[in-house]
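First the structure, in the form of structure tokens, and then the observations on it.
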Amino acid sequence: MSSLTLAIATGRTAKQAMVLLEKTGITFPDFHNKSRKLVMLNETKTIKLILVKTADLPTYVEKGAADIGIIGKDIIMEEQPDIYELVDLQIGKCKVAIAGFPTQALQNGSPLTVATKYPFITKSFFDEKGIRVETIKLNGSIELAPLIGLSDVIVDIVETGTTLKENGLVVLDEIMDISARLIVNKASFATKTAEIEQFINQVKVALE
């Protein structure tokens, strides 16, 4: 019977997390590119893996549906879940940045319209700078917003900058560096301390 439930966000993070877990000796035979399974067990049947949408993962961990999760720091900052953030996994590295046309000023007295899937991070950053903003929440193709006049700038994840460049946009300022983190449900950490600490120690060894 599985003793720990691990939630991983689908997509790029899942692939990188699996590589890291393999280094710890934890493997999930049913996990492969063509699989549509959302729940699977590791070889020793001690860990149940659930694959969830990125934005939902903190909720699964906070509510106890998963004991442990692997998720980007950007989502933790945006969602502000009531969890423990315990290890920087050094994977999924990128930046949250402000981007727009090269001629766009960030401070010109009038409110700035910002398209983003990170309204909390955006407002916090601009409030600190004393810049008034109106945020527009979008979930995909954020780069489109300034191109069609929906926003002045965007706040989004930037990894290589290729998509920005292809659309005539540049990074105007960087908000934060991010990477994937290991998060833990608070109640689980109290009731399954030994199992969770063993898992964390295995991961830390793999990171060395």
query = Which FRET efficiency, nearest 0.05, do residue 45 and residue 137 yield, Cβ-Cβ r, R0 35 Å?
reply = 0.30
remark   = Contact order relative to length for the range 5-155, counting C-alpha pairs under 8 Å separated by 6 or more residues, stands in percent at 21 percent
ask   = Where does the Debye-calculated log10 I(q)/I(0) of the range 4-142 sit at q = 0.12 Å⁻¹, using only Cα point scatterers of equal weight, no solvent?
value = -0.59
query = Which parts of the range 141-178 would a label at residue 85 reach, counting a residue when its backbone N lies under 16 Å from a point 7 Å out along Cα-to-Cβ?
reply = 157, 175-178
query = Cα gyration tensor of the range 16-85, axes a ≥ b ≥ c as square roots of the eigenvalues: rounded (a/c below 1.5), prolate (a/b > b/c) or oblate?
reply = prolate
query = Based on DSSP H runs of at least 4 residues, each adding -39500 (n - 2.57), what is the mean residue ellipticity at 222 nm of the chain after dividing by all its residues, to the nearest 500 deg cm²/dmol?
reply = -9000 deg cm²/dmol
Long-range Cα-Cα pairs in the range 162-208 (distance over 17 Å), rounded percent = 59 percent
task = Any chance you could check the Cα centroid distance between the range 20-56 and the range 90-146 for me, in angstrom?
result = 34 Å
request  = Specify whether the C-alpha gyration tensor of the range 128-186 places it in the rounded, prolate or oblate class, a ≥ b ≥ c being the square roots of the eigenvalues: rounded for a/c under 1.5, otherwise prolate if a/b is larger than b/c and oblate if not.
outcome  = prolate
remark   = Cα-Cα longer than 25 Å, checked against 73/117; 48/95; 117/192; 45/117, kept in input order, equals 48/95; 117/192; 45/117
message = Given axes a ≥ b ≥ c from the Cα gyration tensor, I'd like to know whether the range 94-178 is rounded (a/c under 1.5), prolate (a/b larger than b/c) or oblate.
response = rounded
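No lab work stands behind these numbers, since they all come straight from the coordinates. It should be emphasised that the depicted structure is a prediction, and the values quoted were computed from it without experimental measurement. Every residue, glycine as well, gets a Cβ built from its backbone with ideal geometry; the counts of neighbours run over all protein chains shown.
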